[in-house]
């Protein structure tokens, strides 16, 4: 018998705001004070939001045939192996970019039609995660490699 997959939902704006504050290492108490809500509300919201983000990352991996090796719902990040392309694949979630999949490859950025869009998305990911870009002229393929390395460092 066929069963329909669970309906995947994005977090609400309020959930994303609380999640982003937590991602920036604010404590539940600090978030509660800033948002003028109870610490219990923050805790419940973070638990729900982390589950939603985990579902988004896992669903993206499943639909793109990526076997997840590492996942952090707090950072909105997953790393795995794409069996379709036989390369590492990274899945990110950010409030501005939503869910994005980045494949580990050395692309020819100079001739790519997606250059500007890809670069803008990566720069947004850096900004949202408060990661400094060391060189403003890096190609998207190099930005992607640096971003994924920095996020993995954040995981410890």
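Values quoted throughout were computed directly from the atomic coordinates according to the rules given, and no laboratory measurement underlies them. Because the structure is predicted, anything quoted here is derived from the model rather than measured. For neighbour counting, all protein chains shown are included, and Cβ atoms are generated from backbone atoms with ideal geometry for every residue, glycine included.
Listed residues 53, 68; which is under 27 Å from residue 122 (Cα atoms) and assigned to a strand (DSSP E or B)? So that I can check it myself, show each step before the final result.
Working: 53 fails: assigned to a strand (DSSP E or B).
Just a single option satisfies the conditions, and that option is 68.
State whether the residues of segment 73-83 include one that is over 19 Å from residue 22 (Cβ atoms) and touching a residue at least 40 places away in the same chain (Cβ under 8 Å). Walk me through how you get there before you give the answer.
Step one: list which residues in segment 73-83 are over 19 Å from residue 22 (Cβ atoms), which gives 79-83.
Retained after the next criterion (residues that are touching a residue at least 40 places away in the same chain (Cβ under 8 Å)): 79.
Yes, that holds for at least one residue.
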- Those residues of segment 102-133 which are under 20 Å from residue 59 (Cβ atoms) and without any contact (Cβ under 8 Å) to a residue 40 or more places away in the chain, in sequence order: 103, 121, 125
- Message: Being without any contact (Cβ under 8 Å) to a residue 24 or more places away in the chain and either assigned to a strand (DSSP E or B) or farther than 17 Å from residue 142 by Cα (or both): is that true of residue 99 here?
- Response: no
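Filtering segment 102-113 down to residues that are assigned to a loop (DSSP other than H, G, I, E, B) and over 20 Å from the mean Cα position of the chain (by Cα), which residue is farthest from residue 142 (Cα to Cα)? Before you say what the answer is, go through the steps one by one.
The first filter runs over segment 102-113 and keeps only residues assigned to a loop (DSSP other than H, G, I, E, B), leaving 104-108, 112-113.
Checking the rest, the ones that are also over 20 Å from the mean Cα position of the chain (by Cα) come to 106-108, 112-113.
Numbers: 106: 8, 107: 9, 108: 11, 112: 14, 113: 17 Å.
Taking the candidates together, the pick is 113.
From the list 26, 46, which residue is within 29 Å of residue 149 (Cβ to Cβ) and either exposed (fewer than 12 other Cβ atoms within 10 Å of the Cβ) or touching a helix residue (DSSP H, G or I) at 6+ places or on another chain (Cβ under 7 Å) (or both)?
46
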